[in-house]
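Quick notes on the structure that follows.
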Amino acid sequence: MADSRPIAYLETTFVSYLTSRPSRDLVVAAHQEVTREWWDERRGDYHLITSQLVLSEASAGDPEAAKRRLDALQSVELVAITAGARDLARALLAAHVVPSTAAEDALHIAIAAESGASYLITWNCKHIAHAAMRGSIEDVCRRAGTEPPALCTPLELLEELDDGT
């Protein structure tokens with residue numbers, strides 16, 4: 001039987017917040033707690049995917065922290081970075097909806113879109129889940145013939161669903 005759950009692409013900031021030591025910064029600490037709560041309570045509602053780009057980013061930095069990030073991702077399906085995803089990332093950059101300094105962020109969006117993800121879950125609200133950029137990102141994806149994922153934080157997917165679940 002096919003998996004009928006919506007597909008959710010986990011971007012690097014998600015796994016970083018999930019596995020990092022509690023922050024002294026109150027906002028970051030709250031984001032960490034929300035991420036852990038989503039992981040514990042909601043991850044089963046989604047078919048989780050990630051990419052080699054996330055694995056590469058997650059493996060950087062402190063070796064102990066990198067191990068925690070990579071361990072958390074072991075149960076998440078790894079999807080390919082296709083030529084179509086690379087083309088879409090270039091289109092996002094060419095349209096200036098993602099700045100050229102954030103090429104990896106454009107590629108995250110493109111991989112999620114090309115993989116059929118319903119959601120891209122991130123705490124990167126500067127270049128990915130940015131409300132003012134969302135419509136332009138969606139337009140570029142659709143012009144390229146790809147349905148964009150909803151670009152969101154775990155908090156947006158933690159709220160109770162309308163069906164009471």
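The values are calculated or read from the model by the stated rules, or taken from the named source; none is laboratory data. Keep in mind it's a predicted model, so treat the numbers as computed, not measured. Here the Cβ is made from the backbone with ideal geometry for all residues, glycine too, and neighbour counts use every protein chain on show.
Go through region 60-86 and give me each residue that's within 24 Å of Ile137 (Cα to Cα) and either surrounded by fewer than 14 Cβ atoms within 10 Å (Cβ to Cβ) or among the β-branched types (Val, Ile, Thr) (or both). Scanning region 60-86 gives Leu78, Val79, Ala80, Ile81, Thr82, Ala83. When Ala110, Ala150, Ala132, Ala144 are checked against the criterion of being free of Cβ contacts under 8 Å to residues at least 12 places away in the same chain and of a type in the set (A, V, I, L, M, F, W, C), a single residue qualifies: Ala132.
The set of residues from region 123-149 being in contact with an Asp or Glu (Cβ under 9 Å, 6 or more places away or on another chain) and within 18 Å of Val34 (Cα to Cα) comprises Trp123, Asn124, Ala129.
Within region 141-156, restricting attention to residues that are within 17 Å of Gly116 (Cβ to Cβ) and assigned to a helix (DSSP H, G or I), the residue that is nearest to the chain's Cα centre (by Cα) is Cys141. Residues in region 51-59: is at least one under 28 Å from Asp139 (Cα atoms), in contact with an Asp or Glu (Cβ under 6 Å, 6 or more places away or on another chain), buried (at least 18 other Cβ atoms within 10 Å of the Cβ) and touching a residue at least 24 places away in the same chain (Cβ under 8 Å)? So far as region 51-59 goes, no, none of its residues is under 28 Å from Asp139 (Cα atoms), in contact with an Asp or Glu (Cβ under 6 Å, 6 or more places away or on another chain), buried (at least 18 other Cβ atoms within 10 Å of the Cβ) and touching a residue at least 24 places away in the same chain (Cβ under 8 Å).
Considering every residue within region 109-129, establish whether at least one is at pLDDT below 95 and more than 14 Å from Thr12 (Cβ to Cβ). Checking region 109-129: not a single residue is at pLDDT below 95 and more than 14 Å from Thr12 (Cβ to Cβ). Just give me the residues in region 123-133 being out of contact with any Leu (no Cβ under 7 Å at 6 or more places or on another chain) and either exposed (fewer than 15 other Cβ atoms within 10 Å of the Cβ) or outside any helix (DSSP H, G or I) (or both), in sequence order. Those that are out of contact with any Leu (no Cβ under 7 Å at 6 or more places or on another chain) and either exposed (fewer than 15 other Cβ atoms within 10 Å of the Cβ) or outside any helix (DSSP H, G or I) (or both): Trp123, Asn124, Cys125, Lys126, His127, His130, Ala131, Ala132.
Taken together, Val15, Val34, Val27 contain a single residue that is under 17 Å from Asn124 (Cα atoms), of a type in the set (A, V, I, L, M), out of contact with any Asp or Glu (no Cβ under 8 Å at 6 or more places or on another chain) and surrounded by fewer than 16 Cβ atoms within 10 Å (Cβ to Cβ), which is Val27.
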